[in-house]
Each structure stands twice: as C-alpha cells, then as structure tokens.
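Colleague: Just passing along the structure, written as structure tokens.
All of the numbers you see were taken from the coordinates with simple rules; none came from a lab. Everything numeric here is computed off the predicted structure, so don't read it as measured data. All Cβ positions, glycine included, derive from the backbone under ideal geometry; neighbour counts span all protein chains shown.
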Amino acid sequence: MERRATSSDVAKTAGVSRATVSYVLNGRTGQSISAATRNRVLAAARELGYTPSTAARTLRRGRSDLVLMLLPPEPLGRALAMIIDAASEQVERNGLRLVAHRVPSRGGAVPLVQSLAPAALILIAPLPDAEIAAVQAAGITVVSLPQTAGDPLAPDLGIGAMQVKHLVESGHERIGVAVPPESGYAWRVKVRLAAIRDACARYGLPAPAVERLGLEAAEAAAAVERWLEGEQRVSAVCAFDDDHAFAVLSGLSVHGLQAPRDLAVIGAEDIPLAGLAVPPLTTVSVDARRLGEHFAQAALASASGAGEDGAALAVAGPPAVSLILRASA
C-alpha cells in the first residue's frame, strides 16, 4: 500500500517548517506568512495529495470542523429545509461542514455533542437548560433564536403575531386556529399557539378557538362546522402552515362556503402553490434562507475565535417574516 503523505513531506517539499504547513492548511490566522510561502505550501500539498488529518486536528483543538444543527423531532418542512440548505452553503464556503440532526429521543443531546465535538452548536429545537449549560461548559458556543414574543426573528412567534395583526386590522374579532394533531409538531405548535394567544390578548380579543386537524377534507369540514356554529362563531382562521390553510379551504368547499366571505383564512410559509389556491391564499412568508445564513454567520464567528468559547449567541438581523396579501383573508 502506498504511504500516505504527511505534513513533514509537505514541509520538506515546500521548504518550510511543519508549523508553517499547519498554519496554512488549517486556516490559522494571526501568523505573518507571506503569500508566496502560502502558495508554496498549497502547491506542495496538492502535488503530494496531502490533506490534514481530521482526527488529529480534532484531538489537537478539542473540537472538529463540524457545525452541529439540532432539529426538532418533526417532519422536515419547506422552511426548515431552506434554513438547513442556506446554513450548510455558508458553513461549507468557510471550510467547515454542517451536520443536521434531530434531537435524540433518548439520552439527551449531550452525548451526541460530545461525540462530534462541534466547533459550534446551532439550536433549532429547544434543549433543557441543564443540557445547554453542559455544552457551554465544554467550551462549545450555542447559537439560537431569540425567544421574545415581539421579535420577528423567531419565526413561529413572528408568524402568529403577524397573522393576528392582519386579521384584526381587517376587522375580525373572533379568531380560530388550525394546527396539526399532537404528534409530530408539538414544540412548534406550542410556540405558535402561545404567540397567537398573546396577540389576541393584546388586541382585547377572546381566546382563539383551536382545532387540531389532519390534511383531510372531512376533518377540516368538521372543524369549519364547529367554528361557524353558535353565537361565538369564528370569522377568521390562522392556519399552522399553508398545507393546513388548504385543508380549511377544502373544508369550506364541502359546505358550499368560500373564503373570505364566510371564513377568512391566512396561512404560513408561502409555498409555491399558495397563489394557486381558490381563492389565492393570504399567508405569512418566512425568509428561511436569510435565517439560515444568520445562524451560520454566528456559528462561524465562534469557530474562527471571534467569540467567547461556550457563549450563548442569539441570532440578530432583519425580520424573517412578512405578510403576503392575497384574496383569502
């Protein structure tokens, strides 16, 4: 078997020290290495087919070249997929790799973090305070969304608040909410409902009428019937996402009803089919790509040494949600 090239071979070929090879190939900053020397090292590494040992580098640094993103235990929707794609592209452009992993169902996240020794941890899903503290104690920076109800950068909080704001400004005083069944989206449903309830309270509206339904016309039709019966009938519905908004529109159709005449409907995420609904769906768009880029930038700042090891960083930047006004609400 042909011997694998080592950093000593690269140093000998380039006429430099092993330390210089390490500085150049590992992207270490703060060293006065000339462009000519850097180019000689890179050329020698290419000629010899040398790549730094990931295992050795991890042992030396105490962390890997990975950025770990922990996801909630739910189906991978369009917005979440876009967050992952955008963050992955940004991280890889800077020489690291993104690993997206659902929060382990047993044993907690700490063993996973310990085994990967990531340069930074991005939290899309919540972790118990004790686990976050353990990760930070290991010197790993934790990047997360700000959990402030008025902050539109927390998408599920911002979506709920914006949905209610639009409906109130359109004259609605009694609001319903369509969310998925308990399984699958428990964390996001909890956050979204909290945002909608808080917004209703701020506007002096009664508590929203919540219906849990799958993506079936019969379930949606039954929910529509409950929303529209009695003296406390609902005049508008905030859907968990555009899929559930489509289900509500289908439920209206079963009864020969139509949005917004009989029941206004507002969705979330602005999927490509939203404009093709009958009527076209008013929804809240999530700038998922920008959010993913903000996550990556914060993680990269930590990995480069710009931030304090073991810090807790809340992503900051421009709003990630906006109203897409169409005909359904």
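Colleague: Say a site is exposed when it is one of the GluC sites (Glu not before Pro), sits in a DSSP loop, and has at most 13 other Cβ atoms within 10 Å; what is then the longest site-free stretch of the chain?
Modeller: Excluding the exposed sites themselves, the longest stretch runs over 3-181.
Colleague: Another question, if that's okay. Say we join alpha carbon atoms closer than 10 Å with springs in a Gaussian network model of the chain; which of ALA43, ALA223, ALA195 then has the biggest fluctuation?
Modeller: Result for the chain, Cα springs under 10 Å: ALA43 fluctuates most.
Colleague: While we're on this one: What is region 155-286 by shape, rounded, prolate or oblate, if you read a ≥ b ≥ c off the alpha carbon gyration tensor as root eigenvalues and call it rounded for a/c under 1.5, prolate for a/b larger than b/c, and oblate otherwise?
Modeller: Rounded shape, in that the Cα axes give a/c under 1.5.
Colleague: Let me ask another. Taking the dipole about the Cα centre of the chain, with the C-beta of Lys and Arg at +1 and of Asp and Glu at -1, give me whichever of ALA201, ASN39, SER88 is farthest to the positive side.
Modeller: Most positive-ward Cα: ASN39.
Colleague: Got a sec to turn the phi values of region 125-138 into Karplus ³J(HN,Hα) couplings, 6.51 cos²θ - 1.76 cosθ + 1.60 with θ = phi - 60°, whole Hz, x for Gly and Pro?
Modeller: Rounded to whole hertz, the list is 9, x, 10, x, 4, 5, 6, 4, 4, 5, 5, 5, 5, 7.
Colleague: Here is a further query. For VAL265, enumerate residues with amide H under 5 Å from its amide H, sequence gap 5+ or separate chain, H modeled in the peptide plane.
Modeller: VAL237, ALA329
Colleague: Between helix 288-303 and the chain, what is the angle of the helix's C-alpha long axis to the longest principal axis, kept within 0 to 90° and rounded to the nearest 10?
Modeller: So the helix axis and the longest Cα principal axis differ by about 30 degrees.
Colleague: Sort region 240-291 into rounded, prolate or oblate with this rule: let a ≥ b ≥ c be the square roots of the eigenvalues of the Cα gyration tensor; rounded if a/c is under 1.5, and if a/c is not under 1.5, prolate when a/b is larger than b/c, oblate otherwise.
Modeller: The shape class here is prolate.
Colleague: Under the classification rounded if a/c is under 1.5, otherwise prolate if a/b is larger than b/c and oblate if not, where does the chain fall, given a ≥ b ≥ c as square roots of the Cα gyration tensor eigenvalues?
Modeller: Here the chain falls in the prolate category.
Colleague: A further question on this structure: Using only Cα atoms and rounding to the nearest 10 degrees, what angle (0 to 90) does helix 217-228 make with the longest principal axis of the chain?
Modeller: So the inclination is approximately 60 degrees.
Colleague: Round to the nearest 10 and give me the degree value, 0 to 90, for the angle of helix 78-93's Cα axis relative to the longest principal axis of the chain.
Modeller: The angle comes out at about 20 degrees.
Colleague: Can you list residues whose amide H is under 5 Å from VAL143's amide H, if they're 5+ apart or on another chain and H is modeled 1.01 Å from N?
Modeller: LEU121, ILE122, LEU123, LEU313
Colleague: Under a crude label model (7 Å from the Cα following the beta-carbon direction), how far is ALA5 from ARG46 in nanometres?
Modeller: Here the modelled spin labels are 1.1 nm apart.
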